[in-house]
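The values are calculated or read from the model by the stated rules, or taken from the named source; none is laboratory data. These figures come from a predicted structure and were not determined experimentally. Because the Cβ atoms are built from the backbone with ideal geometry, glycine has one as well, and the counts that use them run over all protein chains shown. Note: areas computed on protein heavy atoms with side chains; ligands, DNA, RNA excluded. Shrake-Rupley method; radii C 1.70, N 1.55, O 1.52, S 1.80 Å.
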Amino acid sequence: MSEDALDFNPFYHLQIIHDAPDFIPNRVICLPIDTLENSVNAVQYAINRIINHQSDRVVLLHVMECTHASLLHTFLHTRTTKEPAFKDFQLDHSKTLLTKVAAEFQSLKIHVTAILLQGEVRESLRTQILVLKPDLIVLGKQSKNTLADKLLGTVSNYLLRSIDYPILIVPETFNKH
C-alpha cells in the first residue's frame, strides 16, 4: 500500500515483522502506543508480565491524529503550515515510532504487527480494535488533564465504555525495570 493510501484509507498497515505466514497465535494482544512515557511503561509491562513470546501476536497501534490541534502543535515545533510538509513530518514520525517499538519485539522473537492509523485517536483505535477482536488490550494510563480529556474523556475511559474486550491499564507509576 502506498503512503498516498493514507488519504483514502482509515488505517494503514505498516508492516509485519517476525511472523511466519502460517503462524496462528494463541492470543492477540493490542498495544496502542504513542511517544509518552505511559506507552513505554505499558510496552515493558506487557513484555515482562503478559506476552508469551512463542504463542502470542502483538499488534501495535499508533494513531496519526489529523486534527487542528495536531496541526498547531506541528506548526509550533517545525514552523511550517504547509499541509504536505505536515503530513510528511507526521508520517515519518509515526513510522519511526512503530518501527522502533516493533524492532524491540522482533529482537525478543515476539510475533508483532504494527498498524498506523489516522484520524481521531479514540474512534480510530475503537474501530481497529473491533476489526482485530483481540484477546487483550494493554494501555498506558496518563493524566494530562487537557480540555479535550475533560470534555471527551481519556482514551482508556472511552475504550472501556465503547468496546467489550478485556483492557489492562498500566499505571503511570509502574516501574518498568
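Among the residues of the range 162-172, just one is open to solvent by 90 Å² or more (accessible area, probe 1.4 Å) and at pLDDT below 90, namely GLU172. Screening HIS77 on (1) assigned to a loop (DSSP other than H, G, I, E, B); (2) within 17 Å of THR35 (Cα to Cα); (3) modelled with pLDDT under 65 shows it passes everything except condition (1).
Considering every residue within the range 84-98, establish whether at least one is farther than 20 Å from LEU36 by Cβ, touching a Ser or Thr at 6+ places or on another chain (Cβ under 6 Å), at pLDDT below 85 and not in a loop (DSSP other than H, G, I, E, B). The answer is yes; a qualifying residue exists. Within the range 146-161, at least one residue is open to solvent by less than 70 Å² (accessible area, probe 1.4 Å), over 17 Å from HIS62 (Cβ atoms), modelled with pLDDT under 90 and hydrophobic (A, V, I, L, M, F, W, C). Of the residues ALA46, ALA42, ALA69, which is open to solvent by 40 Å² or more (accessible area, probe 1.4 Å) and either modelled with pLDDT under 90 or among the hydrophobic types (A, V, I, L, M, F, W, C) (or both)? The match here is ALA69. Here the condition is being within 18 Å of GLN106 (Cβ to Cβ) and at pLDDT below 85; of ILE16, ILE51, ILE33, it holds for ILE16 alone.
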